[in-house]
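Visitor: Would you mind keeping the following structure in view while I ask a few things?
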Amino acid sequence: MNRSDSPLFSSGLELGSFVVTSNVLHHSWAAISELYGEIHEPPSWASPVRFRTFQQPNCTIIAFVTWPPCTKEHLQGQGGGDLVSSSALKETFPLFEFLSTKTNPRFSINKPAIDLFASVRGVLDFLKSQISTKPLIIAGHSVGGSVASLFTLWLLDKINLATTKRPLCITFGSPLVGDDGLQEAILQYSAWNSCFLHVVSDRDPVPRVLISPYNPTAPELASPTNQYKPFGTFLLYSELGCACLEDPESVLELLVATYSEGPGFDYKDIFQQLNGNVICKDSTKDDEWIAQPLPAGIITQLGAIGLGRLQLQQQSIDMNTLIRQTEIRERKWLIRRREAYNDSKLNEMKVNMAQLEWYKKFSEDKKIGYYDMFKNEYDSRNNTLQRFKKSLTCYWTDMVDEVEKKPQWRGASFTTRWLFSGTIYRRMVEPLNIAEYYRDGKTDYIAKGRSKHYKLLEQWLDEDESRSASRPNNPKKQNLKGGLTEDSCFWAYVEEALISVNALSNGQYSSNDMDKHKRSLIQFEDYVWGMLKNCAVSSEIFLEQSSFMKWWKKYLEIIRKGIMGTSPFTEFMQNRQYSQYAPGCQ
């Protein structure tokens, strides 16, 4: 599995186990503690954010804190819970426009967090330059964690994920950063959502302050319509242990339910608590739900963060109801994750593509060609081919639709691996759509019949190639070698040229129509000649029974009648130089 395409971790529990067993969590908090220890100057609200890069043997850590440290009173004060809309940010601080999509155009971010992040805008490029080949950890405490989250989001848009390891943001006691629009923008891109781990103590009020109405003495009163929404994985910590949760609604509910007012705490205690222990410690082994795997896992996690039956009864919360609600949410969340990234489905599509490739080779062996074999229904295998074609088209139409919904900026749509697969699909399957279109007697496929998903796949490929300064191999020659024509609309141009040449051959035209058809044929000549010079068209077009060769034979007739003139292209064809075309391009 390609790391640039997939989530860093397949589940929140896997992520939590990794950061604990690998000491990443310990090193992240140690960096934050060291940063706090280096601050000797008095508080300055003009520049309250402090940051530093720590080069560890196995990773790079960029830590953020604020000075003085933020308290719940700061966030509960005037303006602490204000949100700044994406439309306002576009005018004043346009660093997060890439999160706006057609289906999710609006989002809002906590104003104090965005103001703090704006205060370090001048050093963002410097911090980005600190990234090396080692894994990158971005850590932050309290509102410094909010800055760390925003920096991570900004960085995800700036770095090339095909060549750079995706960062992992670890926050300790960070308040929620944005609304449901921000949450949705991140959740739509599951690989991004897996980049965030938020560590929250049951005795820390700061992560809960922006959950309205905030009332630590009556957590059951938390509003289900709370403006602030979580994203990423949450590692909830209590004296009994820790639990990892991903489902946003469950996180929101349990952030409130797990709050326990008490004496002061220090996040360093989490490392002593977890030393040698597993993430979840089961304290409810005799529960009636234990026989069912998912509810049993939920009970284990609830028990690990101090939410047994007795504790829930004290808060007037029914445990069975909580378990059922959490189970429903978890199942929905798992389905969403599978839909967001389904590598096995892509592999299934590769099998379908292999069937089309076999059909293509079979048609070339018959000296007919892939396009014309399908268009003229020369073989009984066409019905089977239709099934593979339909499955592929449904899959890629859905994929393109999903990409349009995901956060994107400057055409950063598919990763290289997925875009490559989509391009091969387009060049294999669109000619079959063109064949069906003209077989039904229709005209002007490109303007009237071309599917939107083909247009977008082509557009994204053009954008990807324009961003690439150089490529190790000539992709056009590789396409030829693999038997694929670069322009998936090639056969549509051939069909339109056939219409024009037939009209001129039959004399069925007015003077205006004659000029139009002649201009069309000259344009087609130039188009094909350019494709040939760039080795961007498959040699199968020169098979005797192909539509292209049928066009050429009729075109040669009207050249001999003097209706059309000669050109380098016509000389190439008349001298049968195309017989050497494929070898000359290898």
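The values are calculated or read from the model by the stated rules, or taken from the named source; none is laboratory data. Remember, predicted model here, so these are calculated numbers, not experimental data. So basically every Cβ, Gly included, is an ideal-geometry build from the backbone, and we count neighbours across all protein chains shown. To get the accessible areas, we keep the full protein, side chains included, count just its heavy atoms, and leave off ligands, DNA and RNA. Shrake-Rupley method; radii C 1.70, N 1.55, O 1.52, S 1.80 Å.
Visitor: Name the residues in segment 48-87 that are without any contact (Cβ under 8 Å) to a residue 12 or more places away in the chain and among the acidic types (D, E), would you?
Guide: E73
Visitor: Just checking, does segment 149-158 include any residue being more than 30 Å from K268 (Cβ to Cβ), of a type in the set (F, W, Y) and open to solvent by less than 10 Å² (accessible area, probe 1.4 Å)?
Guide: Looking for residues that are more than 30 Å from K268 (Cβ to Cβ), of a type in the set (F, W, Y) and open to solvent by less than 10 Å² (accessible area, probe 1.4 Å), one finds none in segment 149-158, hence no.
Visitor: Give P167, P135 a once-over and let me know the one that is closer than 24 Å to W418 by Cβ and touching a Lys or Arg at 6+ places or on another chain (Cβ under 6 Å).
Guide: Result of the check over P167, P135: P135.
Visitor: In segment 20-39, which residue that is under 29 Å from the mean Cα position of the chain (by Cα) and within 12 Å of A139 (Cα to Cα) is modelled with the highest pLDDT?
Guide: S28
Visitor: Being without any contact (Cβ under 8 Å) to a residue 24 or more places away in the chain, within 30 Å of D365 (Cβ to Cβ) and touching a Phe, Trp or Tyr at 6+ places or on another chain (Cβ under 7 Å), is that true of even one residue in segment 524-531?
Guide: No: segment 524-531 contains no residue that is without any contact (Cβ under 8 Å) to a residue 24 or more places away in the chain, within 30 Å of D365 (Cβ to Cβ) and touching a Phe, Trp or Tyr at 6+ places or on another chain (Cβ under 7 Å).
Visitor: Inside segment 188-213, can you point out the residues that are crowded, with 22+ Cβ neighbours inside 10 Å, hydrophobic (A, V, I, L, M, F, W, C) and either assigned to a strand (DSSP E or B) or under 25 Å from the mean Cα position of the chain (by Cα) (or both)?
Guide: Passing the criteria: W192, C195, F196, L197, V199, V200.
Visitor: Another question, then. Any idea how many residues of segment 489-512 are farther than 21 Å from D372 by Cβ and either in contact with a Ser or Thr (Cβ under 6 Å, 6 or more places away or on another chain) or open to solvent by 60 Å² or more (accessible area, probe 1.4 Å) (or both)?
Guide: Adding up the residues that qualify gives 5.
Visitor: Quick check on segment 56-82: of everything there that is among the polar types (S, T, N, Q) and within 29 Å of the chain's Cα centre (by Cα), which residue is surrounded by the fewest Cβ atoms within 10 Å (Cβ to Cβ)?
Guide: N58
Visitor: Would you check if A148 is among the small types (G, A, S) and touching a His at 6+ places or on another chain (Cβ under 9 Å)?
Guide: Criteria met by A148.
Visitor: In segment 526-573, which residues are farther than 24 Å from M373 by Cβ and in contact with a Ser or Thr (Cβ under 7 Å, 6 or more places away or on another chain)?
Guide: E557, I558, I559
Visitor: OK, next. If I go through segment 237-248 residue by residue, how many of them are charged (D, E, K, R) and either touching a strand residue (DSSP E or B) at 6+ places or on another chain (Cβ under 9 Å) or under 11 Å from V199 (Cα atoms) (or both)?
Guide: Total satisfying the criteria: 1.
Visitor: Go through segment 98-124 and report how many residues are closer than 12 Å to L150 by Cβ and exposed (fewer than 14 other Cβ atoms within 10 Å of the Cβ).
Guide: The qualifying residues number 1.
Visitor: If you don't mind, there's one more thing I want to ask. Quick one: L127 ticks every box in (1) under 22 Å from D204 (Cα atoms); (2) open to solvent by less than 10 Å² (accessible area, probe 1.4 Å) except a single one, so which number is it?
Guide: Looking at each condition in turn, L127 falls short on (1).
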